[in-house]
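**Q** Below are the structure tokens for one structure; questions will follow.
The values are calculated or read from the model by the stated rules, or taken from the named source; none is laboratory data. Nothing here was measured: the structure is a model prediction, and the numbers come from that model. In this analysis, Cβ positions are derived from the backbone assuming ideal geometry, glycine residues included, and neighbour counts consider all displayed protein chains. Quick note on the areas: whole protein, heavy atoms, side chains included, nothing else; ligands and nucleic acids left out. Shrake-Rupley method; radii C 1.70, N 1.55, O 1.52, S 1.80 Å.
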Amino acid sequence: MCIIIITPSCRPKNLIKIKDSIDFDYIRLWIIVYDQTKIKKNPQQFKEYPQIVELIHTSPGISGNPQRNFGLDFIEANYQLIQQTYIYFLDDDNIVHPNLFKRLSNLKVNKIYSFNQIEPQNGTKHLKGNRLDCKHVDTAMILLDSKLCEGMRWEIQRYDADGLFIENIYKKNKDKHIYIDEDLSYYNKLSE
């Protein structure tokens with residue numbers, strides 16, 4: 001099972017640290033979508049890495065939501081990417097928790113996986129991943145089978161669009177949810 005990471009970016013300086021947190025043995029693609037309202041030209045920081053795709057996109061919206069949708073559009077337009085792939089949304093103020101990759105060998109097809117999120121400053125729980133409703137979940141706490149995301153998009157003008165996107169997928173697929181009671185994600189690790 002492979003992972004596609006989608007990262008909306010208006011802080012390209014953080015991307016090197018994010019790249020260093022990714023174990024590319026598990027990654028099919030890391031799709032970075034730069035927000036053209038803030039970054040006028042594609043920086044092309046990772047041209048020498050075939051597993052990293054750098055795109056630039058602009059449309060009205062907030063919090064990287066249009067860029068996440070553009071990443072989903074890219075995946076669906078390249079249908080072969082959807083086959084046996086999980087999607088992980090990672091903001092550009094965060095990194096991948098090192099223990100997440102240890103759990104990837106056990107993924108089953110057609111599931112929603114959730115796990116706990118911790119505060120990077122003190123290691124305490126920020127959110128438990130057992131509830132997938134809008135106010136109790138964050139993007140970095142979820143792995144979604146890409147087929148469950150087909151046709152689903154983020155509401156571009158909502159700050160809580162991550163929770164709403166996840167909740168909507170969960171409502172259609174409650175029987176596919178698997179909660180892993182482990183701390184496998186950070187909350188805004190790079191904004192310390």
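**Q** Quick one: what pairs do we get from region 4-16, first residue touching a residue at least 24 places away in the same chain (Cβ under 8 Å), second open to solvent by 40 Å² or more (accessible area, probe 1.4 Å) and assigned to a helix (DSSP H, G or I), C-beta under 6 Å, 6+ apart or different chains?
**A** N14/L190
**Q** Here is a follow-up. Among the residues of region 102-117, which ones are open to solvent by less than 20 Å² (accessible area, probe 1.4 Å) and not small (G, A, S)? Break it down into steps so the answer makes sense when it comes.
**A** Pass one, region 102-117, residues open to solvent by less than 20 Å² (accessible area, probe 1.4 Å): 104, 112-117.
Within region 102-117, L104, I112, Y113, F115, N116, Q117 qualify.
To keep it simple, each residue is scored yes or no on (1) closer than 27 Å to A77 by Cα; (2) free of Cβ contacts under 8 Å to residues at least 24 places away in the same chain; (3) surrounded by fewer than 20 Cβ atoms within 10 Å (Cβ to Cβ); (4) under 17 Å from the mean Cα position of the chain (by Cα).
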site: Q121; (1), (2), (3), (4): no, no, yes, no
site: H126; (1), (2), (3), (4): no, no, yes, no
site: D162; (1), (2), (3), (4): yes, no, no, yes
site: E182; (1), (2), (3), (4): no, no, yes, no
site: K189; (1), (2), (3), (4): no, no, no, yes
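**Q** Tell me which residues, restricted to region 44-60, are part of a loop (DSSP other than H, G, I, E, B), open to solvent by less than 50 Å² (accessible area, probe 1.4 Å) and either over 28 Å from K102 (Cβ atoms) or touching a Gly at 6+ places or on another chain (Cβ under 6 Å) (or both). First the steps, then the outcome.
**A** At the first step, the residues of region 44-60 found to be part of a loop (DSSP other than H, G, I, E, B) are 44-51, 58-60.
Narrowing further to those that are open to solvent by less than 50 Å² (accessible area, probe 1.4 Å): 46, 59.
Selection gives S59 alone.
This table checks each residue for (1) among the β-branched types (V, I, T); (2) under 13 Å from M1 (Cβ atoms).
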| residue | (1), (2) |
| --- | --- |
| Q84 | no, yes |
| I87 | yes, yes |
| D93 | no, no |
| N99 | no, no |
| V109 | yes, yes |
| F115 | no, no |
| H126 | no, no |
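**Q** Hey, another quick one. Could you pull out every one of the strands (runs of 3 or more DSSP E) wholly within region 62-161 that has 2 or more residues that are of a type in the set (S, T, Y)?
**A** 85-89, 112-118
**Q** Continuing with this model, one more query. Of the residues that make up region 18-27, is at least one touching a residue at least 40 places away in the same chain (Cβ under 8 Å), open to solvent by less than 20 Å² (accessible area, probe 1.4 Å) and assigned to a helix (DSSP H, G or I)?
**A** Yes: one or more hits.
**Q** Scan region 71-96 for residues that are open to solvent by less than 10 Å² (accessible area, probe 1.4 Å), aliphatic (A, V, I, L, M) and either under 22 Å from I18 (Cβ atoms) or under 14 Å from the mean Cα position of the chain (by Cα) (or both) and report the count.
**A** Qualifying residue count, region 71-96: 5.
One line per residue, one yes/no per condition, for (1) under 19 Å from L100 (Cβ atoms); (2) in contact with a helix residue (DSSP H, G or I) (Cβ under 6 Å, 6 or more places away or on another chain):
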| site | (1), (2) |
| --- | --- |
| R153 | no, yes |
| I166 | yes, no |
| N173 | no, yes |
| L184 | yes, yes |
| Y187 | yes, no |
